[in-house]
Amino acid sequence: MTRVLIVSVCLSLWLGAGVASAANGLPKQWLDKAAATQWLAAHPGGASFASRNGNIQGGDSDAMVRLTHPDKAELTEFGAAIGEYKGTYEISDAGEITLHLEGQSPKWPVMHLFATAREAWLLRKDRKTGLLGDGDLNFGGTPFWPFKWTGKGR
């Protein structure tokens with residue numbers, strides 16, 4: 001039992017370090033409403049963010065969030081079947097991004113946008129990574145965090 005706990009802790013630290021280093025160079029604070037709105041407006045074709053588990057890109061437990069200025073959102077899940085959800089998003093004054101996907105419950109977790117001119121990430125407000133059983137999404141049963149900007153609209 002102790003061995004499992006030690007391995008779990010080490011793996012959590014290692015995976016957490018991977019997420020932190022992947023986002024290296026990003027601002028320590030997420031963008032507020034004005035900055036997030038400006039960043040998204042600078043991508044008139046929309047901004048796509050992908051989350052991948054690294055096995056078969058676009059084919060297994062992966063997801064894509066696409067935000068189109070001013071308020072359209074799409075979520076695509078890849079897995080045993082492709083699930084597509086459309087809706088809207090809103091950005092609070094504090095920079096909290098909330099998706100409202102048609103016909104979907106539970107609600108998608110609140111996110112923050114961390115971005116520079118070269119790289120951007122959507123991270124959950126509660127910073128759960130979805131790794132090691134801390135995900136709470138029921139969209140196909142697999143948590144998909146974090147989401148990295150793909151650098152293109154689709």
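General observations
- Hey, Ala73 under 19 Å from Phe114 (Cα atoms), within 15 Å of the chain's Cα centre (by Cα) and at pLDDT 80 or above or not: yes
- The listed residue being over 13 Å from the mean Cα position of the chain (by Cα) and modelled with pLDDT of 65 or more, out of Gly141, Gly151: Gly151
- Selection within segment 105-122: residues that are over 18 Å from Gln38 (Cα atoms) and buried (at least 16 other Cβ atoms within 10 Å of the Cβ). The member of this set that is modelled with the highest pLDDT is Pro109.
The values are calculated or read from the model by the stated rules, or taken from the named source; none is laboratory data. Quantities reported herein were computed from a predicted structural model and do not represent experimental measurements. Neighbour counts are summed over all protein chains in view; Cβ atoms, including those assigned to glycine, are modelled from backbone coordinates with ideal geometry.
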